[in-house]
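Below is one structure, written out as structure tokens, with a few remarks after it.
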Amino acid sequence: MAALPVLLSVQRCLIMWRKWMARILITSGPTRQYLDPVRYLSNASSGKMGAALAKAAIERKHEVVIVSGPVGIDYPAGAKIINVVSTNDMLTAAVEEFKTCDGVIAAAAPCDYRAVTVETHKIKKTGAAITVEFEQADDVLATLGNTKIKEQWSVGFALETQNGQSRAFAKLKQKRCDLIILNNASAIEADVSSIQMIDAAGSVIMDVSGSKSDLGVRIIDKIGAKLLQ
Ligand code: CTP
């Protein structure tokens, strides 16, 4: 008869354990959209913030999957790493991995535009100006936000050069995030950054500057407190 309460408390412990030790998807780095076999459109992004988040999450005993565009840095050894090139590749890999994840932190800077026509051969110089038509690429975070189930969470970044807080909050709603981290262009490829974390009510719940590795720890701990309780 005493077995039932024991079983229930074991089950409760397992649920708590699952919450504390999440499987976290991190998108990281830039993506590339090729115009021809040699040239591409991309974003300036080093992957350093994604790497710092992954390291901090692993130190907190979370399981980490990184879907990364081309970067010149090393990710922590304990993470599963999936390398991608285009935004569509990132979307495909992220959607697949997210099925088995508790949440996503979208630190990537996926390219927002792709050439309507990708030339098979190198575009030759003629001395004349050329025009390339671009169409909007997929939005990885918005797709995950729109398809997540109620047990899953999503955290975005917003890189803004003006009206930061209001634009970041608009992005949080548009991409259905639980939290969004506002940063600015000085963070690009740098070792330091200044961030503000904004919650779903529009409140700034963190406002800090420092090395990306310190910020990674602060962000993971805040996510732990806000989304993994
Ligand atoms: N993001 C994404 N897929 C894209 C573009 C952005 O998943 N195609 C994610 C980023 O990883 C980030 C968030 O969306 O977490 C916001 O990215 P940001 O570059 O700030 O904004 P954009 O959505 O690209 O919008 P805009 O360029 O108009 O500011």
(Q) Regarding region 196-207, can at least one residue be identified that is away from the ligand (no atom under 14 Å from the Cβ) and in contact with a helix residue (DSSP H, G or I) (Cβ under 6 Å, 6 or more places away or on another chain)? (A) yes
Restricting attention to region 17-29, the residues that are surrounded by fewer than 24 Cβ atoms within 10 Å (Cβ to Cβ) and at pLDDT 95 or above number exactly 2
Might you check whether a residue that is open to solvent by 20 Å² or more (accessible area, probe 1.4 Å), polar (S, T, N, Q) and in a strand (DSSP E or B) occurs anywhere in region 186-205? yes
Quick count over region 146-170, residues being in contact with a Leu (Cβ under 9 Å, 6 or more places away or on another chain) and within 21 Å of residue 24 (Cα to Cα), is 7
When residue 103 is run through (1) open to solvent by 30 Å² or more (accessible area, probe 1.4 Å); (2) more than 12 Å from the ligand (Cβ to nearest atom), the failure sits at (1)
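Yes/no per residue for (1) among the charged types (D, E, K, R); (2) open to solvent by less than 20 Å² (accessible area, probe 1.4 Å); (3) within 12 Å of the ligand (Cβ to nearest atom):
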| site | (1), (2), (3) |
| --- | --- |
| 98 | no, yes, yes |
| 119 | yes, no, no |
| 122 | yes, no, no |
| 163 | no, no, yes |
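The values are calculated or read from the model by the stated rules, or taken from the named source; none is laboratory data. Everything numeric here is computed off the predicted structure, so don't read it as measured data. Neighbour counts are summed over all protein chains in view; Cβ atoms, including those assigned to glycine, are modelled from backbone coordinates with ideal geometry. Ligands, DNA and RNA are stripped out before the accessible areas are found, and what is left, the full protein with its side chains, is counted by its heavy atoms. Shrake-Rupley method; radii C 1.70, N 1.55, O 1.52, S 1.80 Å.
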